[in-house]
Amino acid sequence: MINLPSTRRCAAAAASLCALTVAGAVEAREVDDRWTVKTTVASEYMSKGAGKSDGDPAFQMEAAYEAGPLDLGVWGSTAYFSEGGDAELQAFVSGDVEAGPFEFDLRAMLKHAPGTVEGVQDTWLELRADSEVKAAGSTLRLRVEYSPDSYGGTEAAWWIELQASRKIARDWKVSAAYGAREQDLGTDYRAWNAGVTWKATDRLSLDLRWYDTDNHGGGDKYDGRLFASASIAF
């Protein structure tokens, strides 16, 4: 397990770094197109098919910098964790890899949940691989995420999801996904969602969809719910 010497000190440092990076990115954006900054307001923080903000709205922000073949960035969201964490912060590196006719979008994320009670693991590594293929006017995406030692008492954890999306008009897209969550010393479940995305402007994107799982007995975060979000890119 990864243990930090001081959760509060590391959380404050990570939050400050995120804020400074985003502020610098917004300023640098005017002279350097390699920066991408996005803010999102959502009815809830949804991750791997389950709610992660205890039913409350979530505010999220991401700043990424294109450094040659790699993207370097930070991401943060309000959140709720069973062991006291009240936010989720990430530092990530991502890049594309080609293998024959296939192209993979790979990302490594170091995640941290500030506010987690002392003695509980609050920092963990997660690896992601996405691959897309076009078929009959639609786009199919396979996503695989793996953490060798996840948050709290959970050990190895997997998330495997298949998504299908299709444009129905120039600025409109419908999509649906089905995923499986498998965790050592954690909750296993299946989740799905379906909805529509509208690219209202070059910068503004709106999303409306329904999420549900097969684990309604596991708590409110696994219940079905209507989700809405608005994202603005700078």
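Bear in mind these aren't lab numbers, they're just calculated from the coordinates by the rules spelled out. Please read all numbers here as calculations on a predicted model, not as lab measurements. Don't worry about glycine lacking a Cβ; one is built from the backbone with ideal geometry, like all the others, and counts go over all protein chains shown.
Brief remarks on what is shown
- Projected label points at Lys134 and Asp56, each 7 Å from Cα along the beta carbon direction, are separated by 4.4 nanometres.
- From largest to smallest, the equivalent ellipsoid semi-axes obtained for the stretch 7-233 from the alpha-carbon gyration tensor read 25, 24, 19 Å.
- Estimated at 0.36 nm per residue, the fully extended path between Trp172 and Asp220 surpasses their Cα-Cα distance by 14.2 nm.
- Other residues within the sphere of radius under 12 Å centred on the Cβ of Arg209, judged by their own Cβ, net out at -1 (K and R +1, D and E -1).
- Cross-link pairs exceeding 18 Å in C-alpha to C-alpha distance, out of Lys52/Lys221; Lys48/Lys221; Lys38/Lys134; Lys38/Lys199, comprise Lys38/Lys134.
- Centre-to-centre, using Cα atoms only, the stretch 93-132 and the stretch 192-234 are separated by 21 Å.
- Net charge, Asp184 excluded, C-beta distance under 14 Å - Lys, Arg +1, Asp, Glu -1: -3
- Estimated FRET transfer efficiency (Ala180, Arg203; beta-carbon r; R0 25 Å; 0.05): 0.15
- Inter-label distance, Glu103 to Leu125: 2.8 nm, where each label sits 7 Å from its Cα along the C-beta direction.
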